[in-house]
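Q: Sharing a structure here in structure tokens format.
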């Protein structure tokens, strides 16, 4: 099966130790996590993990199911890049004297949609947000100007077709208040994580 | 209540001081009692002393079994859980006490055994300081627990304990570990009483059954000419033995079992066609590759069952009944997944399947069985050689127990022999370490099994390797007076490894000759009656003595040194390539 980038989105309770519990699902299978981000979600009190791996669909599906099996995980989705809107942010620190000398820098920054976060006498920090290729391109451009530091954030992604999880969670709670029964509508979608 | 200066780590408000207060330790024990716990297996230590102090006042409600090693404690709790169907409970202290639980947790995790383990932990303010007997047990046990949680504030104990029991026993059961810092055990607070947990929003252990999938499964079964049922421990865990039997008897489908499923259908039942897997019976292995519909019930297609996957049941349509969605399509892709508790799905399926007999198809199993009897079983159970075989010991044992005893086995050749030949008339009579293959499991697990099923005779069948791994639990037997019948099959080898070295490594016997102590003397040192036999005429009287002796008894049987277990599906081969010799 062909390997490609998959974006795994997990909705979880906010619990100490859960990050490790999820991370070992990958490490146990010797799968490298390319990017991992945790953040709040659209629902108060529920966390959202965005994890990127380069793997085959079958592997990702099994991992996603294992993740969802964890007690404190509510729901897991996985999508290839074309099914999500995604962004990464990058910061670039360059020497101010060199930057100031060259007028073309202004133009380069405009072309790359970058902005200046901080200007000091000794260095300047730029920021840009976009896909991997875009942040990489600016990195290549700034290299000749004595780049001091570079950092790129984890990926955050939103699923294009998603109706959001809020509605789904409310539906769970409405259908089965206090009951330990789950729906299984996704049994029809065997290619997905079907347990919720 | 606890005049301990370190209590001041959790100052109480003035209002709270006026109300009646109890310690976290007491609340924990009250919670255990409320959850129906009657027996705890454990070993005290510094970081769990407050709980043991509270236990002093709970001796009426909670029977604490002092083991000789925490690994023995957790295996005993596993034996208790497997024999009784209830949650096994373990106490251990921090650091080495907690790390000694890891093997048992891994065993319970892979064999889906419900456990709640309580470990003491250093004071919360010492966490992360490399304090004496501090270890990061939460991170150590994360891969081998269904859920684990650390408590640093006593007020969290009631909810966490209720959650622990709910998680351990619901859905696909498993082990849970609660790590409680010493300050939380000591901390006084106002306790409102134990409330059981029945719902966790992120955890949905009981899938709603989709009838259309049951319908599709029934259609496949009704069209089948050569259907085969494979059942696993799910039938036992779901307490669906009666439902399973009705399904089998109506559909007339021959049914084979994984070693953890043993006993869900009595071994003597006409539709029980035997054991699956590497050392399972000939018929069910060979015919797995000839059936047209394979109905897997509460089993997970372990590699020891399937052999090489690309040569496994490729011709068959697969129906997979399981409560755990991660098992569906994990190893074998299901044509029809029936996701749910088999206690619910089996009766629905029984309603829809046609009553059939499959006489010709079942004859195939009998034919294969006759072949296996001629090639393997006859010589194993009724040997003509001088030396005793493991098979004849189990056969003679059957004659005496009549399939009514609990058989606890360790890991290795004797385990395969015991599982193949033990007669089981009821569910929960076979207790073994299946998924993890933990040597040293049987002796402590048998102790626990006797506590879990006191009305049953419990026979621990153990090899000379395994018994030396946890032999110190003879001390637990000595101190408690619990009645365990120890049947030690001594071939003076680590027999299963020796067999592989013989068959696949040109008889280069590397580190498999194992010396034994004089077990009769060792047992008598523990005040346990014992006997050794090596000649056929002594075997039956000795087995009778083992069973009839009031109290525990150790019977060592010297058996053939270099006997091999057959049939065998060699590693890397398909089930169809099973060898009879």
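Q: With each pseudo-label sitting 7 Å past Cα toward Cβ, what's the residue B:33-residue A:57 distance in nm, one decimal?
A: 5.8 nm
Q: Between helix B:390-401 and chain B, what is the angle of the helix's C-alpha long axis to the longest principal axis, kept within 0 to 90° and rounded to the nearest 10?
A: 70 degrees
Q: Compute the acute angle (0 to 90°) between the alpha-carbon long axis of helix B:157-169 and the principal axis of greatest extent of the alpha-carbon atoms of chain B; round to the nearest 10°.
A: Between helix and principal axis, roughly 0 degrees.
Q: Taking each residue of A:4-13 in turn, how many C-beta atoms of other protein chains fall within 10 Å of its C-beta, and what is the average?
A: 1
Q: Ok, one more. May I have the pair-distance distribution P(r) for the stretch B:363-470, computed from all Cα-Cα distances with 10 Å bins from 0 and rounded to whole percent?
A: Calculated P(r), rounded to whole percents: 15, 41, 33, 10, 0.
Q: How high is the relative contact order of chain A, given as a whole-number percent (alpha carbon pairs under 8 Å, six or more residues apart)?
A: 24 percent
Q: When N counts the residues of the stretch B:176-232, how does its alpha-carbon radius of gyration compare numerically with 2.2 N^0.38 Å, as a ratio?
A: 2.29
Q: Going highest first, how would you order B:353-359, B:168-174 by mean Cβ packing within 10 Å?
A: Going from most to least packed, we get B:168-174, B:353-359.
Q: Let me ask something else. Can you tell me which of B:250-259, B:399-408, B:229-238 comes out highest on packing, and rank the rest after it, using the mean Cβ neighbours within 10 Å?
A: With the highest mean Cβ count within 10 Å placed first, the list reads B:229-238, B:250-259, B:399-408.
Q: Starting from the alpha-carbon convex hull of the stretch B:211-364, give the projected area averaged over all orientations, in nm².
A: 7.5 nm²
Q: Right, something else. When the Kirkwood radius is taken over all Cα pairs of the protein assembly as shown, what Stokes-Einstein diffusion coefficient follows at 10 °C and 1.306 mPa s, in µm²/s?
A: Value of D from the Cα-based Kirkwood radius: 55 µm²/s.
Q: Please work out the ratio of the alpha-carbon Rg of the stretch B:5-189 to 2.2 N^0.38 Å and round it to two decimals.
A: 0.96
Q: Principal axes first, then extents: for the Cα atoms of the stretch A:19-58, list largest minus smallest coordinate on each axis, whole Å, largest first.
A: Cα extents, longest axis first: 33, 19, 17 Å.
Q: Per DSSP helix of 4 or more residues, -39500 (n - 2.57); summed, then divided by the residues of chain B. What does that give at 222 nm, rounded to the nearest 500?
A: Helix contribution divided over all residues of chain B: -10000 deg cm²/dmol.
Q: Where the centroid of each part is defined by its Cα atoms, how far is the stretch B:126-152 from the stretch B:164-207 in Å?
A: 17 Å
Q: When you take every Cα atom in the stretch B:480-580, what is the radius of gyration, and what is Dmax, the widest Cα pair distance, in Å?
A: 17.3, 50
Q: Over chain B, what relative contact order in percent results from Cα pairs under 8 Å that are six or more residues apart?
A: 15 percent
Q: Let me ask something else about it. Evaluate Rg over Rh across the stretch A:85-152, taking Cα atoms for both radii and Kirkwood's formula for Rh.
A: Dividing the radius of gyration by the Kirkwood radius yields 0.94.
Q: State the three equivalent ellipsoid semi-axes of chain B, derived from the C-alpha gyration tensor as the square roots of 5 times its eigenvalues, in descending order and whole Å.
A: Three semi-axes, in Å: 42, 31, 19.
Q: Just order B:546-554, B:114-122, A:146-154 by mean Cβ neighbour count inside 10 Å, highest at the front, would you?
A: Output ranking for B:546-554, B:114-122, A:146-154: B:114-122, B:546-554, A:146-154.
Q: Using only Cα atoms and rounding to the nearest 10 degrees, what angle (0 to 90) does helix B:24-34 make with the longest principal axis of chain B?
A: 40 degrees
Q: I've got another one for you. Just to be sure I understand: of the beta bridges DSSP finds with both ends in the protein assembly as shown, what percent are antiparallel, rounded to 5?
A: Among the beta bridges of the protein assembly as shown, antiparallel pairing accounts for roughly 40 percent.
Q: Gap in Å between the Cα centre of the stretch B:434-480 and the Cα centre of the stretch A:92-139?
A: Between the Cα centres of the stretch A:92-139 and the stretch B:434-480 lies a distance of 69 Å.
Q: Let me ask you something else. Count, for each residue of B:195-205, the Cβ atoms from other chains sitting within 10 Å of its Cβ, then give me the mean as a whole number.
A: 6
Q: Return the average number of partner chain Cβ atoms within 10 angstrom of each residue Cβ along peptide B:49-60.
A: Mean inter-chain Cβ contacts per residue within 10 Å come to 0.
Q: Ok, one more. Quick check on the stretch B:385-566: take the gyration tensor over C-alpha atoms, sort the square-rooted eigenvalues as a ≥ b ≥ c, and tell me if it's rounded (a/c under 1.5), prolate or oblate.
A: rounded
Q: Cα extents of the stretch A:1-134 along the three principal axes, largest first, in whole Å?
A: 57, 36, 26
Q: Next question, about the same structure. Output the antiparallel fraction of DSSP beta bridges having both residues in chain B, as a percent to the nearest 5.
A: 10 percent
Q: Another question, if that's okay. I'd like the FRET efficiency for residue A:31 and residue A:116, computed as 1/(1 + (r/R0)^6) with the beta carbon distance as r and R0 of 30 Å, rounded to 0.05.
A: E between residue A:31 and residue A:116, to the nearest 0.05, is 0.20.
Q: Measuring from a point 7 Å past the Cα of residue B:375 along Cα-to-C-beta, which residues in the stretch B:398-428 have an amide N at less than 16 Å?
A: Of the residues in the stretch B:398-428, none has backbone N under 16 Å from the label point off residue B:375.
Q: Further question: I need B:518, B:111 ordered by Cβ neighbour count within 10 Å, fewest first.
A: Exposure proxy ranking, most exposed first: B:518, B:111.
Q: Along the Cα→Cβ direction, 7 angstrom out, place labels at residue A:14 and residue B:507. What is the inter-label distance in nm?
A: 6.9 nm
Q: Rounded to the nearest 500 deg cm²/dmol, what is the calculated helix-only ellipticity per residue at 222 nm for chain A, with -39500 (n - 2.57) per DSSP H run of length n ≥ 4?
A: Counting only the DSSP helices, I get -9000 deg cm²/dmol.
Q: Counting only DSSP beta bridges with both residues in the stretch B:5-189, tell me the antiparallel percent, nearest 5.
A: The antiparallel proportion sits near 10 percent.
Computed from the coordinates by the stated procedures, all read-outs in this text should not be read as laboratory data. Note that the structure is predicted; figures quoted are calculated from it, not measured. No Cβ is skipped: glycine too gets one built from the backbone with ideal geometry, and neighbour counts run over all protein chains shown.
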